[in-house]
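Right, I'll just put the structure down here and ask away after.
The values are calculated or read from the model by the stated rules, or taken from the named source; none is laboratory data. Predicted model only: the values in this text are computed from it and were never measured. A quick note on method: Cβ atoms are made from the backbone with ideal geometry, for glycine too, and the neighbour counts reach across all protein chains shown. Ligands, DNA and RNA are stripped out before the accessible areas are found, and what is left, the full protein with its side chains, is counted by its heavy atoms. Shrake-Rupley method; radii C 1.70, N 1.55, O 1.52, S 1.80 Å.
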Amino acid sequence: MPAVTPEMSSSSDAGKPVTRRSSWAEAAAAADANKPSRAPSAAAPTAPAGAASPAPAAPGPISSVPAPAPAPPASAPGEPAAQAVAPASDAPAGTPAFRRSRPTVADTIADSPMPDFISSPGLFVKEQKPRPKGGIRGALYNMTGGAWNLGPGPKQRQEDELARRISRQLQGSYNTAILSLKGGIGKTSTTVGVGLTLAEYRGDAPCAIDANPDSGDLVERALGEGIYQQSSPRTITDLLENIESIDSLTALARYMHHAGRLHLIAGEQDPEVSDSLTAEEYLRIRKLISSYYSVALTDCGTGVTHNAMSGILQSADNLVIAAGYAVSGAKRARSTLHWLASHGYEDLARNAIVVITDKDEVSSRVDKDAIEEHLAGICRELIAVPHDRGVADGDLVTLDVLKPETRRAYKEIAAAIVDGYR
């Protein structure tokens, strides 16, 4: 049988080993290997076919391209060419084992940490300084149309902090009792001023209850004598007589008066029945109020031994003790705290807020600092209300006509009250 002789190559290929191509894939791979590189790099020249590929010059992202299989050894002269050829690699012969790959946008997004749009809104919204109000900072802000914003000054920051404390959200209903051992030292005016301040800064309306057995004038001080006389003369006695039929805030509103957002329950004006409110009756009213109001103020009578007082103290979350700068007023305030501590109300006495109102504008002979020092050590906080005719006249109390110092004192009292609700 005649032997099949391989076709002789041209003279230019003389001396080169002849490789048999057994498939179209091998032929395509060989053709790709003979093509010049599209963009050869000066730093890394293309290696000849079959040679080892040099390592990359610099680190960088690489793709996982397998290295080509080593070329089979050439046949010796006179020997038949190898019948089996190594399987073709996915990459053509002569291609470097590794090539640089530029990361795609999808790869960059996948490798980047995911920002938290909920807990880190500051990453996407530029924080702005609060707008200054009044003073040089406020004038500069208004003149430049907001281009120059130096932020609020120290005084405004303190006011904003008081407003934040007053408006703190509460879980449940709380009651503060305002009491004193002596009349005429600012107990009712403090109740009205603090109540109006709470109504101004809180999202929910507060309620004030007149539980004074001596014909209290809480509503008259909040509305004015003339308006109160023209309104429906419903009192705490009327509320008690119909309390079983009240099942909504709408029904309760028929027995209340309104000074803006401050809701009030008037005290009994008839001397024959004004002292008839008992502890059990007060607790029934307090239970009803707690269903609709988160903050309640109770204007107590003079002293701590009248009929309703045990129910008031039993349901109170904190106390405000009204006092004056007179020596006798300071002694009575101290006596009140001692009485509370010795009758089972230690926590109320320890956390009490003492409010000293300069209602009569005492003479310079009175050492105000000594009186404040005398009371400060036996209570949680002591706050002084300066002399103000809007309070001293014993008539209508409105925040608009009060001095800035008086309004600031009422804000401090309101903030201290809400701080005590735990």
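Can you bin every Cα-Cα distance in region 123-190 into 10 Å intervals starting at zero and give me the percent of pairs per bin, rounded to whole numbers?
Percent of pairs per bin, in order: 16, 25, 25, 18, 13, 3.
Once the Cα atoms of region 302-407 are picked out, what are the Rg and Dmax in Å?
Every Cα atom of region 302-407 included, Rg and Dmax give 14.8, 41 Å.
Which of the aspartates and glutamates could be linked to LYS133 by a straight reach, that is with a Cα gap under 12 Å, when you skip same-chain ones fewer than 8 residues away?
Candidates past the 8-residue exclusion: GLU159, ASP160.
Continuing with this model, one more query. Determine, for each peptide in 409-416, 331-338, the mean count of other beta carbons within 10 angstrom over its residues, then list the peptides with the highest first. Present the calculation step by step, with values, prior to reporting the outcome.
Working: 409-416: 24.5, 331-338: 18.6.
Result, highest mean first: 409-416, 331-338.
Principal axis extents for region 137-286, Cα atoms only, whole Å, descending order, please.
Here the spans come out as 65, 36, 30 Å, largest first.
Separate question: Hey, could you get me the Stokes-Einstein D for region 159-221, Kirkwood radius over alpha-carbon pairs, 37 °C and 0.692 mPa s, rounded to whole µm² s⁻¹? Kindly include the intermediate steps, with their values, before the conclusion.
Numbers: Rh = 13.2 Å.
This corresponds to a translational diffusion coefficient of 249 µm²/s.
Just the accessible area per residue of region 144-270, please: how many Å² with a 1.4 Å probe?
Normalised by residue count, the accessible surface of region 144-270 is 43 Å².
Let me ask something additional. Convert each backbone phi in region 201-212 into a coupling constant with the Karplus relation 6.51 cos²θ - 1.76 cosθ + 1.60 (shift: θ = phi - 60°), then list the ³J(HN,Hα) values in order as whole Hz, x for Gly and Pro.
9, 8, x, 9, 6, x, 10, 10, 10, 8, 10, 6
Would you kindly find the accessible area of LEU396, with a 1.4 Å probe and non-protein molecules such as ligands, DNA and RNA excluded, rounding to the nearest 10 Å²?
Only protein atoms counted, so the area is about 70 Å².
Could you give the accessible area per residue of region 348-420, probe 1.4 Å, as a whole number in Å²? Display every interim value, and only then the final one.
Details: 3530 Å² over 73 residues.
Value for region 348-420: 48 Å² per residue.
Would you mind telling me the share, in percent, of accessible area of region 284-395 contributed by carbon and sulfur at probe 1.4 angstrom? Present the calculation step by step, with values, prior to reporting the outcome.
On the way: 2220 of 5030 Å².
Carbon plus sulfur share of accessible area: 44 percent.
Here is a follow-up. Consider all pairwise Cα distances in region 326-384 and report the whole-number % of them above 14 Å.
Details: 912 of 1711 pairs.
I get 53 percent for the Cα pairs in region 326-384 exceeding 14 Å.
Between ALA251 and ASP160, what length comes free when the chain is fully extended (0.36 nm per residue of separation minus the Cα-Cα distance, one decimal in nm)? Before the final figure, lay out the partial values.
Working: separation 91, 0.36 × 91 = 32.76 nm, distance 3.62 nm.
Gain on stretching ALA251 to ASP160: 29.1 nm.
Can you pick out the pairs among LYS182/LYS411; LYS155/LYS359; LYS129/LYS155; LYS331/LYS368; LYS331/LYS411; LYS359/LYS403 whose Cα atoms lie more than 18 Å from each other?
Working: LYS182/LYS411 24 Å; LYS155/LYS359 26 Å; LYS129/LYS155 16 Å; LYS331/LYS368 13 Å; LYS331/LYS411 26 Å; LYS359/LYS403 13 Å.
Beyond 18 Å: LYS182/LYS411; LYS155/LYS359; LYS331/LYS411.
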